[in-house]
Each structure stands twice: as structure tokens, then as C-alpha cells.
Amino acid sequence: MKFLGSVQEYLQLEIIDFKTCHVLNDQLESSLTVLWFVEDINELIIDGKHFSFEPNQIVFLTEFHRISAKKIGKIRLLRFNRPFYCILDHDTEVGCKGILFFGASQLPIVTIPEEELNKFEILWKMFCIEMESDDSLQIEMLQMMLKRYLILCARVYKNQENYPDKKEDSDIVREFNFLVEQHFREMHSVTEYAELLYKSPKTLSNLFSKIGSKTPLQYIQDRIMLESRRLLWYSSLHIKEIAFEIGFDDIQSFSRFFKKHEGVSPSEFKQNRLREELPTLKE
């Protein structure tokens, strides 16, 4: 089911399986995608990394993620573009910038708690009913349901990842993640991001230690590594060009950085990718 508005607004709701999983690779400019895994174990390769998803897990993707399907059960797909609803312009409404989308290197995965599952099920049914409507209020209703859906997901994810209870602290973490997504190519130090946030590097480190997750520097480096793997895996750029693309002055510095984090050199990683054949999609 698809909603097409008068000024390029786009919303898509689909239930996909192994026969229709090509939908995962449909290209839509400025789009965001939410995948809710409903049945069986689903195996995807996202940006060159293997993931297995269990029923009632949800993952959040941007137009820049590269996806290959290995095994598909049943997935509820929700996809929308910026004209339909811009999460950056409406961050105060849904609070998912830097958490569900545009959140540095991590792939956000929500596991729906059993006590929350009924809320998600009801909202999906309402979504499907409203997609069948045809009146002047349809887009407002659909936008309202999308906001509710994202708010529910953001709440679960914050609890799941032990985000700070204090809103100010949580917002700093979110904004840091978003800034890394914007500037990781040219800014590689925590100090540079701390200055943008008008905080000290120590303040950022203390906040992330409360969450019990990676350090701010690890977030930066992981985002650089994600882009490195993407370009080595999917692009035809030479290693020297990739090094410059992500902010290294020379290929030697990039190679040392990459091998330290990946365990192999960029050239070895690229050769391994060329030798690898993805398994045939299994029903």
C-alpha cells in the first residue's frame, strides 16, 4: 500500500516475504525505512555486515544503507520520505534524531517488550485502515500515526539502551550522535564535537559512561569504519581515494587505522569481498 501526496509526499506500508524482498532495495530519495520482523529468523547483510533478526525486532534504515537478503520470513515494512514527514524538522515532536536515525555508527535495533506489543499491533492495524481512506484528512491522520509509531520506538530504544533519564543529558547524547553522522569525514576528535556542543570532552565521556556504552571516541571511529567498509565493499574507488574521502591525509594513515580496527588491511578486505559470493536467498 502506498500513499502519494500532491507535493511528492510518499508513505509505503507493505508486508514482505522472500518472494517480495526486492522491495528492500527500492531506491527513494530522502527516504527512511522501518522494518518490523514478524515471523521466523530473518538474515540480512547490511553494509557488508551479517545480521540475524528475531520476531518483534525493529530496525531503522536510511536511504544510504545497502541491504542484501539471505533469509526472509515475514517483515512489515514502513517507508516514508522527507516531504511526507521530516524527522529533523520535527525533532521536538518525536525525538528520534540521533537515536533511531542518523545516529552515528550503530544500527538501531528495537526489541518490542511483550507488554508493549499490543500497542504496536493496534497501531499497525490503524495504519492499514487509514491507508484505505480517501478524504482531505488522510495525510494528517497518517502523519499522526507515523509520529506515534516513532515515539513508541524511541521510548523502547532509550529504555533498552539505558539512555540518561535526565532529558538534557539524553539530548546531548543524541546531538553528539547526529553531529558525528554529519561531520565524521572531517572531524575525528572528541574535542571538536565537544566544542560544537559547548561541552568539555570530559563531560561527554562521563555521559557515555553512564549509559555503559562505547566512549565518544569509539563512536567516531566506528562511524569512520562503517563508511570505510561501505566504500571498500560497494564502490569502485581506489583505496587512496577512500582515504581522502573520509578525512585521512595519506593512505598509510588510513591503512594503519583500518587494520587496527578490522584486523586486515584495506586491500585485503577488498580482496576478500571480491572473492566472497553471497549465499542464495533461502525461503
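Screening the candidates 186, 168, 175 for the property of being free of Cβ contacts under 8 Å to residues at least 24 places away in the same chain, surrounded by fewer than 20 Cβ atoms within 10 Å (Cβ to Cβ) and among the charged types (D, E, K, R) yields one hit, 168.
For region 36-54, the criterion of a residue being within 20 Å of residue 178 (Cβ to Cβ) and without any contact (Cβ under 8 Å) to a residue 60 or more places away in the chain is satisfied by no position. For region 117-135, state whether one or more residues are of a type outside the set (S, T, N, Q), under 22 Å from residue 216 (Cα atoms), within 21 Å of the chain's Cα centre (by Cα) and part of a helix (DSSP H, G or I). Scanning region 117-135 turns up no residue that is of a type outside the set (S, T, N, Q), under 22 Å from residue 216 (Cα atoms), within 21 Å of the chain's Cα centre (by Cα) and part of a helix (DSSP H, G or I). Can you pull out the residues in region 189-230 that are assigned to a helix (DSSP H, G or I), free of Cβ contacts under 8 Å to residues at least 40 places away in the same chain and under 21 Å from residue 253 (Cα atoms)? Those that are assigned to a helix (DSSP H, G or I), free of Cβ contacts under 8 Å to residues at least 40 places away in the same chain and under 21 Å from residue 253 (Cα atoms): 190, 191, 192, 217, 218, 228.
Quick check on residue 108: is it in the same structural domain as residue 155 (by TED's automatic domain parsing), out of contact with any Asp or Glu (no Cβ under 6 Å at 6 or more places or on another chain) and not aliphatic (A, V, I, L, M)?
yes
If we scan region 66-83, do we find a residue that is touching a Cys at 6+ places or on another chain (Cβ under 6 Å) and outside the structural domain of residue 270 (by TED's automatic domain parsing)? The answer is yes, given that some residue of region 66-83 is touching a Cys at 6+ places or on another chain (Cβ under 6 Å) and outside the structural domain of residue 270 (by TED's automatic domain parsing).
Only a single criterion out of (1) touching a strand residue (DSSP E or B) at 6+ places or on another chain (Cβ under 9 Å); (2) at pLDDT 90 or above; (3) among the aromatic types (Phe, Trp, Tyr) is not satisfied by residue 178, namely (2).
Condition check for residue 220 on (1) modelled with pLDDT under 90; (2) under 26 Å from residue 68 (Cα atoms); (3) crowded, with 16+ Cβ neighbours inside 10 Å: one failure, at (1). Looking only at residues of region 1-37 that are aliphatic (A, V, I, L, M) and in a loop (DSSP other than H, G, I, E, B), we find that the one that is surrounded by the fewest Cβ atoms within 10 Å (Cβ to Cβ) is 7.
Output the residues belonging to region 38-80 that are among the basic types (Lys, Arg) and either within 12 Å of the chain's Cα centre (by Cα) or outside any strand (DSSP E or B) (or both).
Hit for region 38-80 is 66, nothing else.
Scanning region 39-64 for residues that are surrounded by fewer than 16 Cβ atoms within 10 Å (Cβ to Cβ), in contact with a strand residue (DSSP E or B) (Cβ under 9 Å, 6 or more places away or on another chain) and closer than 28 Å to residue 139 by Cβ gives 62, 63.
Answer yes or no as to whether residue 180 is within 30 Å of residue 25 (Cβ to Cβ), touching a Pro at 6+ places or on another chain (Cβ under 9 Å) and not assigned by TED's automatic domain parsing to the domain that holds residue 67.
Spelling it out, residue 180 is indeed within 30 Å of residue 25 (Cβ to Cβ), touching a Pro at 6+ places or on another chain (Cβ under 9 Å) and not assigned by TED's automatic domain parsing to the domain that holds residue 67.
The values are calculated or read from the model by the stated rules, or taken from the named source; none is laboratory data. Quick caveat: nothing in here was measured; it's all calculated off a predicted structure. Using ideal geometry, Cβ is built from the backbone for each residue, glycine included, and neighbour counts are taken over all protein chains shown.
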